[in-house]
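**Student:** To start, I am sharing the structure in question, which I have written as structure tokens.
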Amino acid sequence: MVGGEQRHHLAGRGLETDPAAVRASVAAVFREEHGRLLATLVRRFGDLHLAEEAAAEAVEAALTHWPVSGVPTRPGGWLLTTARRRAVDRIRRDRTLALRIAVLQAEADRADPAPAADVDRDLPDDRLALFFTCAHPALTEEDRVALTLRCLGGLTTAEVARAFLVPEATMAQRIVRAKRKIRDARIPFRVPGVDELPQRLPGVLQAVYSIFTEGYAASSGPNLQRLDLAEEAIRLARILHRLLPAQRETAGLLGLLLLVHARRHTRTGPDGVPVLLDEQDRRRWDRPMIGEGCALARTALTGGPPGPYGLQAAIAALHDEAPDVAGTDWPQIVALYDVLLRVAPSPVVALNRAVAVAMRDGPAAGLALLDELATEPRLQAYHPLPAARADLLHRLGRHADAADAYRQAVDLAGTDPERDQLRRRLAEAEAAARVD
């Protein structure tokens, strides 16, 4: 058995021989067990590329054997045993590969073993080490996200390419380059020690958060949301939280994702156009998910100084628990943004705080803060800035200025639904300006 979390429904279905059902069974098992299978192979052989090849061959073997012999009662264990044998066969056939594996293992043996973090010392699960390998700081941010989706999420190269909206060949090159970097730089396959964890964990959390962000608000394309990506990020965040339960920021990240994802069904209208927070039907928000997210937010904020994900989860919780926009605790949200700006300063946090200030103190106060961000280089192509300015200018009755800002936002928006929504608001501002 690959691990102790076998949740799939296949155990005991040893008589399943229908080809379509078997193929679906293999896909389901592989999806569920891919990260753990790959991590176990990487730990055993020290080579990510070899591990992926062996895992792929095991799946091919399953597609050949299971229609004849039936799905085994422990399909994950079957895949692992087969993959190990295929990896050993490859090493025996390839002297160069055998030498490289031997060198890697010798280096690993010589290296000072990193002390395991206290929180995961007893966990028989290698996925945590794979998370830290995929999100190693030597890799670019894009490579970290791609590798995390490929290795922990079990997405195919084509699926990862669709996630990034790039051609499959481009993504294949990126993944190969990242794996080569891991190999050539001798990036270790291990969980950082207690002394390294505070510096390394944020990179892992950021990779998962980046996946969710693209699912929550796509950077381009015909749709605002990509729910498959958002749900995959939540699945990965759950794994991280399960593996590192004592790290409060893993609770904060999972809580944040759940609290935001709970609004997914009301964020767009029937035509796919974004629905603003004050126009969403809060009765359709996912209350069980909100309850789970709020509990995680409390965990994240208990027992020490708050981290950025815990603070963002707390802000999201205040939104989710409010009866409506007018009844939202805006002073508390502004206070949380004040802390977040100190803990993790960024122009996007400053922008969000300015919007919250506008809700607390009025549009003029928020507009003054937004105007201070107008020259921020990192916001020059960020359409929420001119969109927020336009909304506040509209509320102040400066309709012509609002129309100008909406036009700027339309030019910068990445998805069709966002452009459609902004064009509608632009039309309202232009109509009001003509009346002026």
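The values are calculated or read from the model by the stated rules, or taken from the named source; none is laboratory data. All values reported here derive from a predicted model rather than from experimental measurement. Because the Cβ atoms are built from the backbone with ideal geometry, glycine has one as well, and the counts that use them run over all protein chains shown. The accessibility values were calculated without ligands, DNA or RNA, using every heavy atom of the protein model including side chains. Shrake-Rupley method; radii C 1.70, N 1.55, O 1.52, S 1.80 Å.
**Student:** Which FRET efficiency value, to the nearest 0.05, do you get for Val194 and Ser346 by plugging their Cβ-Cβ distance into 1/(1 + (r/R0)^6) with R0 = 22 Å?
**Tutor:** Working from the Cβ atoms, E equals 0.20.
**Student:** So how far, in whole Å, is the C-alpha centre of segment 19-76 from the one of segment 272-337?
**Tutor:** About 40 Å separates the Cα centre of segment 19-76 from the one of segment 272-337.
**Student:** For helix 75-93, report the angle its Cα long axis makes with the longest principal axis of the Cα atoms of the chain; keep it between 0 and 90° and round to the nearest 10°.
**Tutor:** So the inclination is approximately 60 degrees.
**Student:** In units of 2.2 N^0.38 Å, what is the alpha-carbon radius of gyration of segment 389-436?
**Tutor:** 1.05
**Student:** Would you report the distance distribution of C-alpha pairs in segment 290-370 as whole percents per 10 angstrom bin, up to the bin with the largest distance?
**Tutor:** Final binned percentages: 19, 48, 29, 4.
**Student:** Now for a different question. Under 10 Å, Cα contacts only: if you run a Gaussian network model on the chain, which one of Asp271, Asp391, Asp371 comes out with the highest mean-square fluctuation?
**Tutor:** Per the Cα network of the chain with a 10 Å cutoff, Asp271 tops the list.
**Student:** Using the Kirkwood formula on the Cα atoms of the chain, what hydrodynamic radius do you get, in angstrom to one decimal?
**Tutor:** Kirkwood radius, the chain: 23.9 Å.
**Student:** With charges only on Cβ, +1 for K and R and -1 for D and E, what is the dipole size of the chain about its Cα centre, in debye, rounded to 20?
**Tutor:** 1340 debye
**Student:** How big is the dipole moment of segment 256-325 about its Cα centre under a simple scheme where the beta carbon of each Lys and Arg is +1, that of each Asp and Glu is -1, and everything else is neutral? Debye, nearest 20, please.
**Tutor:** Roughly 180 debye, rounded to the nearest 20.
**Student:** Given a 1.4 Å probe and heavy atoms of the protein chains only, how would you sort Glu142, Glu232, largest accessible area at the top?
**Tutor:** Accessible-area ranking of Glu142, Glu232, largest first: Glu142, Glu232.
**Student:** Using 0.36 nm per residue, how much length does the chain from Leu396 to Arg287 gain when fully extended, once their Cα-Cα distance is taken away?
**Tutor:** That pair, Leu396 and Arg287, stretches by 35.7 nm at full extension.
**Student:** Against the longest alpha carbon principal axis of the chain, how many degrees, from 0 to 90 and to the nearest 10, is the axis of helix 330-343 turned?
**Tutor:** It is inclined by approximately 50 degrees.
**Student:** Round to the nearest 0.05 the FRET efficiency obtained for Glu430 and Gln173 when R0 = 56 Å and r is the Cβ-Cβ distance.
**Tutor:** Using R0 = 56 Å, I get an efficiency of 0.75.
**Student:** Still on this structure, please answer the following. Can you give the calculated 222 nm mean residue ellipticity of the chain, where each DSSP H run of n ≥ 4 adds -39,500 (n - 2.57) and the sum is split over every residue, rounded to the nearest 500 deg cm²/dmol?
**Tutor:** -21500 deg cm²/dmol
**Student:** Using +1 at the Cβ of each Lys and Arg and -1 at the Cβ of each Asp and Glu in the chain, identify which of His394, Ala39, Val339 lies farthest towards the dipole's positive end.
**Tutor:** Working it through, the farthest residue towards the positive pole turns out to be Ala39.
**Student:** I would also like to ask the following. Round to the nearest 10 and give me the degree value, 0 to 90, for the angle of helix 308-321's Cα axis relative to the longest principal axis of the chain.
**Tutor:** Result, in degrees: 60.
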